[in-house]
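These notes concern the structure reproduced below.
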Amino acid sequence: ASDVYKRQALAQLYNRTNNSAASVLLLEEPFKRDNKNEVLLKNLIVSYVGDKQLMLAIETLNTYLLNQRKTAELYLMLASLQAMNSDVNSAVSAYKSAIKQDGDKGTIYLLIAHVYQRFSKVPEAITAYKKSMAWDEDNDKAIIGLAQLYNAENDTASAIKLIKSFEVNHQLSAQLVEVLANSCLLY
């Protein structure tokens, strides 16, 4: 077991020094022998991504999730890999699987909104922002994101209304005041 720990530490060093190919070589063999080891899996996934083997990272993680313990953290990792791969539907599906594994709904719906927005799926992004706000009423990040999206879509009236309704029960952060000011200027 100590050999595996040494390999993982060395692999992390290789990843930090942009030598992910060496990191992959160090970790693949131990993972084949112990494919239930979640820590080893995570290190190997990071190494694959660093070595520009995104599809192999996705395949390896999917295989693990089919056969081993499913966790919100692993599904979040899969979602970010799918987003890197520009596969919006698979990313959103992985995010929803994270929710099923007791992931924080407010935070995850915010991540879903970001991925939809990144790929210009505006109606879906708006819906996800609203779900995020429903699950976490105090999270001004969702308010900021949705208000900025409204502004970008030339719907400044909705942005202003959204921020004003949030202000009823919350102190506006400096960032929200700035978004509100921008909305008013654009209006």
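Structure notes:
- Based on alpha-carbon atoms, the Kirkwood radius and the radius of gyration of the range 34-111 give Rg/Rh equal to 0.95.
- Table column - 3J(HN,Hα) (Hz), the range 140-156, Karplus curve with 6.51, -1.76, 1.60, x for Gly and Pro: 6, 4, 5, 5, 4, x, 5, 4, 5, 5, 4, 4, 5, 8, 6, 10, 5
- The Cα-based radius of gyration of the chain, divided by its Kirkwood radius, gives an Rg/Rh of 1.10.
- Links that overshoot a 18 Å alpha carbon limit, given the list LYS96/LYS130; LYS42/LYS141; LYS36/LYS70; LYS42/LYS70; LYS96/LYS131: LYS42/LYS141
- Kirkwood Rh in Å, taken over the range 1-69 so that all alpha-carbon pairs contribute: 11.7 Å
- Per residue, the chain exposes 56 Å² of accessible surface when a 1.4 Å probe is rolled over the protein heavy atoms with every protein chain present.
- TYR116 accessible area, 1.4 Å probe, all protein chains in place, Å² to nearest 10: 40 Å²
- Nearest 10 degrees, 0 to 90: helix 174-186 Cα axis against the chain principal axis: 50 degrees
- Heavy-atom accessible area for THR63, with the other protein chains in place and a 1.4 Å probe, reaches approximately 80 Å².
- Each pair of Cα atoms in the range 140-182 enters the Kirkwood radius, and Stokes-Einstein at 20 °C and 1.002 mPa s then converts it into a translational diffusion coefficient of 217 µm²/s.
- Relative contact order %, the chain, counting alpha carbon pairs below 8 Å whose residues are six or more apart: 11 percent
- Equivalent-ellipsoid semi-axes for the range 77-187 (Cα gyration tensor, √(5λ), whole Å, largest first): 26, 16, 9.
- Relative to the longest principal axis of the Cα atoms of the chain, the long axis of helix 54-67 lies at roughly 80 degrees.
The values are calculated or read from the model by the stated rules, or taken from the named source; none is laboratory data. Just so we're clear, the structure is a prediction, and the values are computed from it rather than from any experiment. All accessible areas refer to the heavy atoms of the entire protein, side chains included, with ligands and DNA or RNA removed. Shrake-Rupley method; radii C 1.70, N 1.55, O 1.52, S 1.80 Å.
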